[in-house]
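Undergrad: Here's a structure for you.
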Amino acid sequence: MMNEPKLCLATWNIHMGVGLDGRRDLARIVRVIKEMSPDLLGLQEVDNHMGPEGDDITMLRTMTGMEVIAGPTRLRASGDYGNALLTCLPVRDVERYDISFKKREPRGILIVHVDWFGETLQVAVTHLGLLPQERRTQVRSLIEYLSKKNRTPLILMGDFNEWLFWGRPLRWLHRHFGHFHSPATFPFRYPVFRLDHILSDPPERIWSRIVFKNATSLIASDHLPLLATYTR
């Protein structure tokens with residue numbers, strides 16, 4: 001999977017593993033992951049509840065062979081829910097921050113420090129809220145956390161839920177990460193909205209972004225996965 005000096009990055013909102021057919025099928029999600037063969041994969045809407053075969057995090061780790069770092073945003077008696085990072089690279093450190101907006105669904109940012117042939121990459125995964133005011137507040141918090149000293153090289157991936165190209169959250173992110181243009185990933189059948197993004201600081205390290213579309217990914221979730229190539 002790893003092939004220096006390039007990394008395959010991916011982000012995907014897996015909709016709790018529930019597909020177009022209404023079935024919750026984590027094995028189907030894993031099939032898509034294996035077909036993409038990413039080195040680093042940010043997931044959103046990971047529903048980590050206990051089932052007959054164990055919780056989702058354990059199943060993802062076992063079925064993909066990748067290390068899985070959880071970034072829960074909701075803790076429940078039946079199991080947590082939120083973001084996760086799957087990685088083929090060694091993990092050096094993990095940070096978790098709460099960026100929730102009052103009286104709205106809890107949101108967070110997961111930052112995982114990984115080693116890439118002696119270079120430490122900081123990989124952030126997030127899922128922003130549905131309301132404009134909510135996203136504005138969250139992006140300000142996001143940029144504050146991602147602007148700390150010694151943050152670069154940095155990768156940010158996730159579902160930003162920003163429908164408006166001219167919205168302030170995207171303008172602020174453009175200022176921080178440079179101009180970016182992501183393909184549409186939502187809704188899955190006929191995608192028209194660019195909700196999912198993979199960004200980099202420095203921005204020139206990402207040189208391609210494509211949607212991963214095949215027969216399985218078209219029914220596995222309500223979003224399509226986004227892939228990017230990352231270079232030194």
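Taken together, the values in this text are just the output of simple stated rules run on the coordinates, not laboratory data. Everything numeric in this text was worked out from a predicted model, so none of it was measured. So basically every Cβ, Gly included, is an ideal-geometry build from the backbone, and we count neighbours across all protein chains shown.
Undergrad: Counting other C-beta atoms within 10 Å, which of VAL112, VAL211 has the fewest, and how do the rest follow?
TA: Numbers: VAL112 26, VAL211 17.
Ascending number of Cβ neighbours within 10 Å: VAL211, VAL112.
Undergrad: Can I ask one more? Pick out which of LEU170, LEU130, LEU142 has the largest mean-square fluctuation in a Gaussian network model of the chain, springs linking Cα atoms closer than 10 Å.
TA: Comparing LEU170, LEU130, LEU142 in a Gaussian network model of the chain, the most mobile one is LEU130.
Undergrad: Also, I was wondering about something else. Let's test the formula: R0 of 25 Å, r as the Cβ-Cβ distance of GLU67 and TRP207. What FRET efficiency results, to the nearest 0.05? Can you show the working numbers first?
TA: Values: r = 26 Å, r/R0 = 1.03.
It comes to 0.45.
Undergrad: Continuing with the same structure: Quick check for you: which residues of the stretch 33-73 have the amide N under 17 Å from the point 7 Å beyond the Cα of ASP21 toward its beta carbon?
TA: Label zone hits: 33.
Undergrad: Would you mind telling me which residue in TRP166, TRP116, TRP12 has the biggest mean-square fluctuation in a Gaussian network model of the chain, where springs connect alpha carbons within a distance under 10 angstrom?
TA: Top of the fluctuation ranking is TRP166.
Undergrad: Please find the FRET efficiency linking GLU95 to ARG74, where r is the Cβ-Cβ separation and R0 is fixed at 22 Å, and quote it to the nearest 0.05.
TA: On the way: r = 19 Å, r/R0 = 0.84.
Result of the calculation: an efficiency of 0.75.
Undergrad: Can you tell me the dipole magnitude for the chain around its Cα centre, using point charges on the Cβ only (Lys, Arg +1; Asp, Glu -1), in Debye to the nearest 20? Provide the component values of the computation, followed by the final result.
TA: Numbers: 30 positive and 26 negative charges, 161 e Å.
Using only the charged Cβ atoms, the result is roughly 780 debye.
Undergrad: Still on this structure, please answer the following. Loop only per DSSP, at most 12 neighbouring Cβ atoms within 10 Å: give me the trypsin sites (Lys or Arg not before Pro) in the stretch 148-194, ordered by residue number. Present the calculation step by step, with values, prior to reporting the outcome.
TA: Values: sites: LYS148, LYS149, ARG151, ARG171, ARG175, ARG189, ARG194; in loops: LYS148, LYS149, ARG151, ARG189, ARG194.
Passing both the DSSP loop test and the Cβ count: LYS148, LYS149, ARG189.
Undergrad: Under the rule of -39500 (n - 2.57) per DSSP H run of 4 or more residues, summed and divided by the residues of the chain, what mean residue ellipticity at 222 nm is obtained, to the nearest 500 deg cm²/dmol?
TA: Here the helix-only value at 222 nm equals -6000 deg cm²/dmol.
Undergrad: On full extension of the chain, what length is gained from LYS102 through THR216, given 0.36 nm per residue of separation minus the C-alpha to C-alpha distance? Let's see the in-between values first.
TA: On the way: separation 114, 0.36 × 114 = 41.04 nm, distance 3.70 nm.
Length gained, LYS102 through THR216: 37.3 nm.
Undergrad: Rank the residues VAL114, VAL94, VAL18 as a footprinting-exposure proxy: fewest other Cβ atoms within 10 Å of their Cβ go first. Please report the intermediate quantities before stating the final value.
TA: On the way: VAL114 24, VAL94 14, VAL18 18.
The fewest-first ordering by Cβ neighbours comes to VAL94, VAL18, VAL114.
Undergrad: Using the Cβ atoms and a cut-off under 12 Å, what net charge is assigned to the surroundings of ILE33, where Lys and Arg are +1 and Asp and Glu are -1? Please list the in-between numbers first.
TA: Values: positive: ARG28, ARG31, LYS34, ARG61; negative: GLU35, ASP39.
Here the count lands on +2.
Undergrad: Among HIS197, HIS49, rank each residue by its count of other Cβ atoms within 10 Å, from fewest to most, as a rough exposure measure. Mind showing how you got there, number by number?
TA: Details: HIS197 22, HIS49 14.
Listing HIS197, HIS49 from fewest to most nearby Cβ atoms yields HIS49, HIS197.
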